[in-house]
Each structure stands twice: as structure tokens, then as C-alpha cells.
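Student: Before I ask anything, here is the structure I am working with.
The values are calculated or read from the model by the stated rules, or taken from the named source; none is laboratory data. Since the structure is predicted, the reported quantities are computational estimates derived from the model, not experimental observations. Note that we place each Cβ from the backbone using ideal geometry, even for glycine, and neighbour counts take in every protein chain shown.
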Amino acid sequence: MTAAPPVVVAGAGITGLTLASELDRAGVPVVVLELSAPGERTAAGVALNTAAVSVLERRGLYEELRPFALPLPQVHFSLLWLDPDRVGGQARYPHLLPQSRVEERIEASLGAGVEIRRGHEVTGLTQHDGGVRVEVTGPGGTYDLDAAYLVGADGPRSAVRALAGIAFPGEAAEASGLVADVRVDFAALPPEVFGARHFDAGLFMGAPVGPDRLRLITTEFGRPPQEGPSGPVTGEELAGAALRIAGLDLGPLEPLWSARFDDAARQAEQYRAGRVLLAGDAAHVHYPLGGLALSTALEDALNLGWKLAASVDGTAPQGLLDSYHTERHPAGRAALRATRAQTSLLHPTERIGPLREILREVVAFDGPNRFLVDLAGGVGTRYEAPLPEGADEPHPLLGLLAPEVELATAEGPVGLHSLLRTGRGLLLRFTDAPLDADGWKDRVRTVTAEPHPELDAAALLVRPDGHIAAATDDPDTLHHALTTWFGEAN
């Protein structure tokens, strides 16, 4: 037995690191167990959609990353190109940035309360009153950790999910994909290598991820993973896929890093089983198209982090931790639906081609264009927020993510999302009405600002994940929301 913190997280990918960061902000110690060896980063993603960028900005993590990110001029839904400029409001352009760089930035921000043990994996678990005993196998052998909670953020083949007995139903893979970084001379490459393109046989994408490094991503339709090679991706295999799909002869290739993926679509039946919780790809997996998998995982971590921290420190109201499944399971289901809709529009070309042609005409209209821009960007999620008995109709902003607007305060102009960087709740007051959170000062920060046209309310209560828990001028409604989400007043 070794000393353990209140929370053990399995997986040091984007989900596990973000969750550890959230817990660290709340002062909750964490041990993160990661199977891969030190120095290994296997994240294949290169696209950050609107929701992913928003998460990073809400926590102040994107400023250092922005110089390395390339804003893309278009948004696509199943490679049907859309126009974010016609949507209005906050910019909805995706950014091109390797996920591995995002992971490095998050890890660099972690404090002393987070310990990452690489080369360690969860090999057993036993739940008991008040906690969970985690069996871990590492370089020095097997040992146990006792923790209050265990979170499985250990990917599609999650050991935690299997050990907890949580079912993972869904659709089996029908296509196989390869992703690899190769060292190249960009001046010698044909222009057809760059960008994402759709062919009868599959998808081909090439994107610069360094001064002499190109990321190649291929998908072959109608070729389930079990019908192709397994093990490490070879240069010959990668070049063969590029030739079969896009007719590109790339010559000899030597992968510097590579991985395989597929289009299986599965979701855990439950995100919580007692003291065990799931997040990210351990909870839902689907074809990696447009960054939706990444943003859904990041939103999982933000939703779970503050609720788990409150459960550890004893301030969580009844049912708070259960609301993680209640809110994020439908969000995961929506992400699967959006991705499966896109893959359904890709193959087979002879059957789906006429529908794609019609959709190209449909997205010329503002309504469909806006709907699909937001769907691809992962924005628009609304959580149900309970109201006190006899309350009026819910405010239009209730449950939505608070928009990123500039607020005029006594200390000067400030972006709303920058007020969320501490990971605490936020009460925004726009009038002198008797609306306060004095009994929750340890959990909720209060800021007074001038009224804003996009925030039509006397006061907004914003949860740590950025979603609006109350928009009201009624002290009783505000008190109900504070108690519902932050527990009893001190």
C-alpha cells in the first residue's frame, strides 16, 4: 500500500490532464496513472473546434498556445464547407494545433498537488464504504492505492470501465484509419498533399505540425480494422493508403510517430458506478472528425472537476456528483449522433453523392449554415437547471454557456471568461438589487459590472464550468440556485 490522494485518475491524455488541472485548482490532490512511458505522447488530433478553444480560454491556457495555432478559414460538416462569418457573434473558426502541444501546456500548468506516474496502469479495483481500492502495476511491481474516487480517462479500451463492469454498447467499426508524422521537405511536396479531401475510397488529410514535419491522416471506407494490418504503422502502409485513396505517390515515408484509429461509435451506459467515474474516450468514442471528440472530452473534464472537488471537500449538495452523468451523457450522445451523421454522408459515394449535392445548396441558407456551424463547433449545449417551486418560465440564458463578452467593471474592462480562471463559481451583478452570495464566498466570487446587452438579467450565477445556473432579479431564485449547485451557505 502506498500513500494516495482523494482522487486517482487513470490516463494522462487530454481528459485526464484537464481533470487533474481542475482538481488542482480546487486544492484537491491527485495521482494520475499513465500506461505509456515518459516522453511518449500518442494524441493524434490536430483540430481545435470552437468549444475546445473556449475551454482553454476559460482557464487561461490558450494565450501561450495561440502563437502556434493556425486559424482555419472554413468550418466543415462532413467536408461540406460552411461559412462562420454569416453566423455573427463570437468567431467560430477552428484552429489547427497538435493535441500533443495542448497536453504539454496543460501539464506544465499543474501544481505540486498533482503527481503523474508514467508506466503505471490500473489492473484491479474494489469499491468499499467511503472509497475505492485501486490495484496498480508499475515498473516496480504491483501495489494498491486507496482513494475516495477513481476516474477512468484511459481511452476507448478503458481498463477502469471494464473493471467497473460498465457496458460500452454501440456500432462496430466499418472503416480504418492511419495517422502519422513524417519528416518532409515542404517545398518538394505537391499542393494536393495539404488540406482535407473526400474521395470515393476514403479521406486524405495533410497538415504541417512543425517546420519540417507533416501529419498525414487517412481513412479507408469499407475496410474494418480487422481486415487490415495491425501493429506499428509502416511507411509502406502509409504510402499505400495515400495512393489508394487520393492517387498520391508520396515516395518513401518513415513515420516518426504513428497510430491507428477507426469509426466505431460507442458510449458507456453510465458515467458513474459508485466511486468510479468515466470521462473522455473512456465514456464515448467515435470517428475523430473536426475536433468534436476533443471538445467533448474537455467539457467532460470541466463538468466533472468542480463537482468531484466539492464531493471531496464535503461542500457538495445532494445529487451534485450524479448530475455529471445526467448532464454529460446526453452531451456525449449528441456528439456521437453528430459524428455518425457526418460519416453517413461520406460513403458510399454512388448512393450518398446526390444528398451531398443537395446539402451543398441547403447550407447556402443562413439557418442551416448556422445550425451546422454550431454543431461542428460543439457549441450550444444547454443543461437543465432546476427552478424553485412557483418560479416563472426559465430565462433564455439559463443552462447555456455564458458568452465571452467584455464587461465594464470598477477595475476596468474584463472578459467574462477570464473571471472563471480560478475554477470557482461567479455571481455577476448588473444592478444594485439585493442579490448577493455572501454565504458562499469560499465557493463563489462576486463581480459588479455595467449592464450588457447580451446579458439581459439583473444578475447571473455562473457555474465553474461556465454554464449559467441562474439569470434573475429575484433573491429567492438566486438562493435556490446557489444551494442547488454550491451547497449550504456558511
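Student: Please enumerate the residues belonging to the range 95-115 that are crowded, with 17+ Cβ neighbours inside 10 Å, out of contact with any Leu (no Cβ under 8 Å at 6 or more places or on another chain) and in contact (Cβ under 8 Å) with a residue 60 or more places away in the chain.
Tutor: Passing the criteria: only PRO98.
Student: Right, here's the next one. Which of (1) over 21 Å from GLU450 (Cα atoms); (2) assigned by TED's automatic domain parsing to the domain that holds ALA459; (3) of a type in the set (Ser, Thr, Tyr) is the odd one out, the single condition SER418 does not satisfy?
Tutor: (1)
Student: Hey, another quick one. Farther than 24 Å from GLU488 by Cβ and either surrounded by 14 or more Cβ atoms within 10 Å (Cβ to Cβ) or of a type outside the set (A, V, I, L, M) (or both): is that true of ALA449 in this structure?
Tutor: Taking the combined requirement at face value, the residue satisfies it.
Student: Search the range 169-180 for residues that are over 16 Å from ARG244 (Cβ atoms) and pair each with any residue that is of a type in the set (D, E, K, R) and surrounded by fewer than 18 Cβ atoms within 10 Å (Cβ to Cβ) when their beta-carbon atoms are under 7 Å apart and the residues are at least 6 apart or on different chains.
Tutor: Once the first residue is over 16 Å from ARG244 (Cβ atoms) and sits in the range 169-180, its partners that are of a type in the set (D, E, K, R) and surrounded by fewer than 18 Cβ atoms within 10 Å (Cβ to Cβ) give PRO169/GLU269.
Student: Has the range 348-358 got at least one residue that is in contact with a strand residue (DSSP E or B) (Cβ under 9 Å, 6 or more places away or on another chain) and farther than 21 Å from SER54 by Cβ?
Tutor: Yes - at least one qualifying residue is present in the range 348-358.
Student: Now a separate question. Hey, does the range 381-392 have a residue that's more than 27 Å from GLU299 (Cα to Cα) and in a helix (DSSP H, G or I)?
Tutor: no
Student: If you don't mind, another one. Which of the residues spanning the range 453-478 are within 13 Å of THR431 (Cα to Cα) and outside any strand (DSSP E or B)?
Tutor: Residues satisfying the conditions are ASP456, ALA457, ALA458, ASP473, ASP474, PRO475.
Student: Identify all residues within the range 319-343 that are in contact with a Leu (Cβ under 8 Å, 6 or more places away or on another chain) and either outside any helix (DSSP H, G or I) or charged (D, E, K, R) (or both); write none if there are none.
Tutor: LEU321, ARG328
Student: Condition (residue is touching a strand residue (DSSP E or B) at 6+ places or on another chain (Cβ under 7 Å), more than 30 Å from LEU355 (Cα to Cα) and at pLDDT below 95) applied to the range 12-26: is it met by at least one residue?
Tutor: no
Student: Would you say LEU346 is modelled with pLDDT under 95, over 30 Å from ARG429 (Cβ atoms) and in a loop (DSSP other than H, G, I, E, B)?
Tutor: yes
Student: I need every pair where a residue in the range 123-146 that is among the aromatic types (Phe, Trp, Tyr) has its Cβ under 6 Å from the Cβ of a residue that is surrounded by 12 or more Cβ atoms within 10 Å (Cβ to Cβ), sequence separation at least 6 or different chains.
Tutor: Pairs that qualify, where the first residue is among the aromatic types (Phe, Trp, Tyr) and the partner is surrounded by 12 or more Cβ atoms within 10 Å (Cβ to Cβ), are TYR143/VAL136.
Student: To continue, here is another question. Take ARG92 and decide whether it is buried (at least 18 other Cβ atoms within 10 Å of the Cβ), more than 22 Å from PRO29 (Cβ to Cβ) and touching a strand residue (DSSP E or B) at 6+ places or on another chain (Cβ under 6 Å).
Tutor: Spelling it out, it is not the case that ARG92 is buried (at least 18 other Cβ atoms within 10 Å of the Cβ), more than 22 Å from PRO29 (Cβ to Cβ) and touching a strand residue (DSSP E or B) at 6+ places or on another chain (Cβ under 6 Å).
Student: Moving on. Does ALA433 count as out of contact with any helix residue (DSSP H, G or I) (no Cβ under 6 Å at 6 or more places or on another chain), in a strand (DSSP E or B) and surrounded by fewer than 19 Cβ atoms within 10 Å (Cβ to Cβ)?
Tutor: no
Student: Hey, does the range 53-71 have a residue that's more than 18 Å from the chain's Cα centre (by Cα), closer than 19 Å to ALA376 by Cα and in a helix (DSSP H, G or I)?
Tutor: Looking for residues that are more than 18 Å from the chain's Cα centre (by Cα), closer than 19 Å to ALA376 by Cα and in a helix (DSSP H, G or I), one finds none in the range 53-71, hence no.
Conditions (1) at pLDDT below 95; (2) surrounded by fewer than 18 Cβ atoms within 10 Å (Cβ to Cβ); (3) assigned to a strand (DSSP E or B), marked per residue:
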residue: LEU253; (1), (2), (3): yes, no, no
residue: TYR287; (1), (2), (3): yes, no, no
residue: GLY290; (1), (2), (3): yes, no, no
residue: GLU299; (1), (2), (3): no, no, no
residue: TRP306; (1), (2), (3): no, no, no
residue: ALA310; (1), (2), (3): no, no, no
residue: PRO317; (1), (2), (3): no, yes, no
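Student: Would a scan of the range 328-349 turn up a residue that is under 30 Å from LYS441 (Cβ atoms), touching a residue at least 12 places away in the same chain (Cβ under 8 Å) and not assigned by TED's automatic domain parsing to the domain that holds ASP474?
Tutor: So far as the range 328-349 goes, yes, one or more of its residues are under 30 Å from LYS441 (Cβ atoms), touching a residue at least 12 places away in the same chain (Cβ under 8 Å) and not assigned by TED's automatic domain parsing to the domain that holds ASP474.
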